[in-house]
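J.: One structure is given below, represented as structure tokens, and several questions about it will come after.
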Amino acid sequence: MEASNNIRSDKEIKDLVEKWKGVEGNLIMILHTIQDEYGYIPRHVSFELQKLLDIPLARIYEVITFYNYFKLEPPGKHKISLCMGTACYLKGGVDILGELKSILHIEPGQTTKDGLFTIELVRCLGCCGLSPVMMIDGKIYGKLSQEKIPEILTHYIEAES
Amino acid sequence: MVKAKINGIDVQVARGTSILTAAKKVNIKIPSLCKHPDLDATAACGICIVKVKGSKKMLRSCCTPLEEGMDIITHDDELQDIRRTVIELILSNHPDECLECGRNNNCELQKLAADFGIRQQPFKEFLRDLPKDDSTKTIVIDPRKCIQCGRCVQVCQDMQDVWALSFLERGIETRISPAGDINLSESPCVRCGQCSAHCPTGAIVEYDETIKTWRALHDTNNHCVVQIAPAVRVAIGEAFGFPDGTNLTKKIYAALRRLGFKAVFDTSFGADVTIMEEASEFIQRFVHKKGKLPLITTCCPSWVDFMEKFYPDMIDHFSSSKSPHEMVGSLAKTYYAERNNLSPANIRMVSIMPCTSKKYEISRNQDMFASGQQDVDIVLTTRELARMIKQAGIDFVNLAPEEPDHLLGDYTGGGVIFGATGGVMEAALRTAHYFVTGKNAPKAEFESVRGLKGVKETTVDMAGQKVKIAIAHGLGNVEFVLRKIQKAISENKELPYHFVEVMACVGGCVGGGGQPYGVTDALRLSRARGLYQDDDAKELHNSHENPFVIKLYKEYLGKPLGEKPHKLLHTHYKPRPMYKK
């Protein structure tokens, strides 16, 4: 998806809606652009879309929550994508998830209170040979074990201080 | 027309008729759960499956039209086994809380499970932990009990055009909720309760205030009084086995006295008073050109809430007259209190309404405290009253009829037809005609406003002047009428109407969200017929002829729209946000 710049103001949202006017399925395309810009769909933008598109907010939220891709919460600074594909699952992905949850106190799809991490479950990152695998901000961590998790996370936490 | 066979029986139906409906014509009931006669088929539950002879394929009969030459099988071992499995699967996602549920004994899922003799739970229970939402204090949503039939969502979005409820997420995570998991009270919900009237299970029920009412009745400091709305009298019988539409006014009066109410009033009397005020408003605007036209009726609190949220530009068109039960409330705590040397602070007014929204109306703004107290203390729906009568051990069926307490209890035919769509308009036109001409119109003069057509437009003659009117019921039908008005106003063209009546629920109050379950158009018509028969049977049909209304104005209120009526019987409106979050 092509990232569009600067759709922060009401005017820019209006222009975006104008661009997709009359196109079937335009709500999804508009939501994609919004999500690319913000990393999620802020509620105030949904309100704006309700007005501009004359689509009830309830319908907009039906669409947003139907698709796993769309988020309603701002993402954390670092996105942890934990693989739950067949290989990673069989090689202990669930234990890795348990370790992440116990350290970060969040469920998949949620963001830590300090805004540092978001956990997301994904299906296969394309390197099953390294299973179990997780990816943080595009960097792959393979052949994971529960013991390795604290050290990996500490690296990101320390970089902040 | 198409000709086909169902279980070997010849059937002929109009093209497009579903197999489910066609089967009913030959007295075959295909079990079904999610389909409601008011609503389009969603094919959500899969219980109404049938087979075509010679094919293994199963069809959902709710959404499959009968085709020429089809040979349908509705029942065999395989179909019944699958239906049983589907019920068991639904039950595995449904809490086993029947005994503590608001729908115990009238739940459609419970009935289906009973009919199919479900005696075991072979599937592992999977229940979701979702919070109850009672924020509106009118209807309560318990999403754990939702079977995802989609009726409430269809009702809220299509029938009512409110869009408070939606399906969020998908698959096993699907749940009903306002957009963004906010509370219903923070959403556009107008509390009409049609979702609760259509929900097959206990996932949406009225906010129960029967215990609160018992406590009020048993508190010896209280002087509890009560009133019943027009539509209640022709619906409560359904809970006691009476034929549809039976008018039980006088049995209800008797039952209410046995429950412990010190005085029994009738909202239909309040409707007569409402007509005195509203017809006067109409005359003022239509004849004397003071105030905006069209005048729009405001007896329905869901409609008022809807307009305040969705069409605040129409506020000036609204009648300022309060709804009938609010008028009876403020009069009970002033007029009745004074006549009987009672302190208004000790009077507790309970309104029995066909409506969930009235629970909200009683505190919607300061005008609802016109007597110095909250004018109406508790609102019970028809369903709640039926439960209280049963709890109290009253043999309702054999109860001898009683009269109301006269001060605020006697009504004319004009007052009682308020409960049906078109009724407010018809009663107002009868009295407006009298106000303009000094003569009563023939009773049948304004009957063109009756019936279940979504928008009724007509022109009536009033002393040589043409009055253009519109009646809409079911909020989904309102937009058509309002857009027409807005367009004429913005283009400075001739107004399409002079007088508009809106009721939020299809059929008007007889189809209200607090009425007994299982409403269909046939039932709405039966209930309305009960009201029109009451009108026919009355000696007086015109609100302005009610001797107790005449006495009220003569001895207490003065003239309609005067200072005292203004204080006690009128209210204000203000724009409200659609979403509070």
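The values are calculated or read from the model by the stated rules, or taken from the named source; none is laboratory data. Predicted model, so just to flag it, every value in this text is computed and none were measured. Don't worry about glycine lacking a Cβ; one is built from the backbone with ideal geometry, like all the others, and counts go over all protein chains shown.
J.: Give the residues of region B:59-78 that are out of contact with any helix residue (DSSP H, G or I) (no Cβ under 7 Å at 6 or more places or on another chain) and closer than 30 Å to B:R128 by Cβ, sorted by residue number.
T.: Passing the criteria: B:R60, B:C63.
J.: Which members of region B:180-194 meet the condition of being more than 28 Å from B:G508 (Cβ to Cβ) and assigned to a loop (DSSP other than H, G, I, E, B)?
T.: Initially, region B:180-194 is screened for residues more than 28 Å from B:G508 (Cβ to Cβ), giving B:180-183, B:186.
Those that are more than 28 Å from B:G508 (Cβ to Cβ) and assigned to a loop (DSSP other than H, G, I, E, B): B:G180, B:D181, B:I182, B:N183.
J.: Out of curiosity, is A:G109 within 24 Å of B:T174 (Cα to Cα), surrounded by fewer than 20 Cβ atoms within 10 Å (Cβ to Cβ), among the small types (G, A, S) and within 12 Å of chain B (Cβ to nearest Cβ)? Don't jump to the end; show me each part of the working.
T.: Values: within 24 Å of B:T174 (Cα to Cα): yes; surrounded by fewer than 20 Cβ atoms within 10 Å (Cβ to Cβ): yes; among the small types (G, A, S): yes; within 12 Å of chain B (Cβ to nearest Cβ): yes.
Answer is yes for this residue.
J.: Still on this structure: State the number of residues belonging to region B:149-179 that are assigned to a loop (DSSP other than H, G, I, E, B), of a type outside the set (A, V, I, L, M), facing another protein chain (nearest Cβ under 10 Å) and buried (at least 21 other Cβ atoms within 10 Å of the Cβ). Explain how you work it out, then say what you get.
T.: Looking only at region B:149-179, we keep the residues that are assigned to a loop (DSSP other than H, G, I, E, B), and these are B:149-150, B:160-165, B:169-170, B:174, B:178-179.
The next check asks that each one be of a type outside the set (A, V, I, L, M); those that pass are B:149-150, B:160-161, B:163, B:169-170, B:174, B:178.
Filter once more, keeping what is facing another protein chain (nearest Cβ under 10 Å): B:161, B:163, B:169-170, B:174, B:178.
Pick out the ones that are also buried (at least 21 other Cβ atoms within 10 Å of the Cβ) and you get B:163, B:178.
So the answer is 2.
J.: Mind listing just one residue for me: the one in region A:128-145 that is exposed (fewer than 15 other Cβ atoms within 10 Å of the Cβ) and over 13 Å from A:Y89 (Cα atoms) and, of those, nearest to the chain's Cα centre (by Cα)? Don't jump to the end; show me each part of the working.
T.: The first filter runs over region A:128-145 and keeps only residues exposed (fewer than 15 other Cβ atoms within 10 Å of the Cβ), leaving A:129, A:137-140, A:143, A:145.
Next, only the ones that are over 13 Å from A:Y89 (Cα atoms) stay: A:137-140.
Numbers: A:D137: 11, A:G138: 13, A:K139: 16, A:I140: 17 Å.
Checking each candidate, the answer is A:D137.
J.: Could you give every pair whose Cβ atoms fall below 6 Å, whose first residue belongs to region A:72-87 and is more than 14 Å from every other protein chain (Cβ to nearest Cβ) and touching a residue at least 60 places away in the same chain (Cβ under 8 Å), and whose second residue is surrounded by 19 or more Cβ atoms within 10 Å (Cβ to Cβ) and of a type outside the set (G, A, S), counting only separations of at least 6 or pairs across chains?
T.: Filtered contacts from region A:72-87: A:H78/A:F117.
J.: With a cut-off of at least 1 residues that are surrounded by fewer than 23 Cβ atoms within 10 Å (Cβ to Cβ), name the helices (runs of 4 or more DSSP H) lying wholly within region B:195-297. Before you say what the answer is, go through the steps one by one.
T.: Working: elements: B:210-218, B:230-233, B:249-259, B:267-286.
Per the criteria, B:210-218, B:249-259, B:267-286.
J.: Now for a separate question. Which one is nearest to B:L331 (Cα to Cα), of the residues in region B:517-537 that are of a type in the set (K, R) and crowded, with 19+ Cβ neighbours inside 10 Å?
T.: Start the filter on region B:517-537 by keeping residues that are of a type in the set (K, R), which leaves B:524, B:527, B:529.
So of that shortlist, the ones also crowded, with 19+ Cβ neighbours inside 10 Å come out as B:524, B:527.
Working: B:R524: 31, B:R527: 28 Å.
Ranking the qualifying residues of region B:517-537, first place goes to B:R527.
J.: Something else now. Just the residues that are of a type in the set (F, W, Y) and out of contact with any strand residue (DSSP E or B) (no Cβ under 9 Å at 6 or more places or on another chain), please, taken from region B:528-581.
T.: From region B:528-581, those of a type in the set (F, W, Y) are B:532, B:548, B:553, B:556, B:573, B:579; that's our starting set.
Result: B:Y532, B:F548, B:Y553, B:Y556, B:Y579.
J.: Step by step: first the residues of region A:38-67, then only those that are assigned to a loop (DSSP other than H, G, I, E, B) and touching a Lys or Arg at 6+ places or on another chain (Cβ under 9 Å), then the one that is farthest from the other protein chains (Cβ to nearest Cβ). Which residue is that? First the steps, then the outcome.
T.: Here is the first cut: in region A:38-67, the residues assigned to a loop (DSSP other than H, G, I, E, B) are A:39-42, A:54-56, A:67.
With the extra rule that they be touching a Lys or Arg at 6+ places or on another chain (Cβ under 9 Å), the set shrinks to A:39-41, A:67.
Numbers: A:G39: 17, A:Y40: 12, A:I41: 10, A:Y67: 8 Å.
It comes out as A:G39.
J.: Something else about it: Give just the number: which of (1) surrounded by 13 or more Cβ atoms within 10 Å (Cβ to Cβ); (2) more than 22 Å from B:P354 (Cα to Cα); (3) more than 14 Å from every other protein chain (Cβ to nearest Cβ) does B:K124 not satisfy?
T.: For B:K124, the failing item is (1).
J.: Looking at B:L561, is it in the same structural domain as B:S320 (by TED's automatic domain parsing), within 30 Å of B:Y311 (Cβ to Cβ) and of a type in the set (A, V, I, L, M)?
T.: Spelling it out, B:L561 is indeed in the same structural domain as B:S320 (by TED's automatic domain parsing), within 30 Å of B:Y311 (Cβ to Cβ) and of a type in the set (A, V, I, L, M).
J.: Another question, then. Would you check which residues across region B:395-432 are under 17 Å from the mean Cα position of the chain (by Cα) and either outside any helix (DSSP H, G or I) or of a type in the set (A, V, I, L, M) (or both) and list them?
T.: Hits for region B:395-432 are B:V416, B:I417, B:A420, B:T421, B:G422, B:V424.
J.: Something else now. Between a residue in region B:468-487 that is assigned by TED's automatic domain parsing to the domain that holds B:G451 and any residue that is of a type in the set (D, E, K, R) and part of a helix (DSSP H, G or I), which pairs come within a Cβ distance under 7 Å, given they are 6 or more apart or on different chains?
T.: B:G476/B:D158
J.: May I pose another question? Working only within region A:79-93, note down all residues that are of a type outside the set (G, A, S) and either at pLDDT 95 or above or within 14 Å of A:C124 (Cα to Cα) (or both). Walk me through it before giving the result.
T.: Quick first cut of region A:79-93, residues of a type outside the set (G, A, S) only: A:79-80, A:82-84, A:86, A:88-91.
Listed by number, the residues that qualify are A:I80, A:L82, A:C83, A:M84, A:T86, A:C88, A:Y89, A:L90, A:K91.
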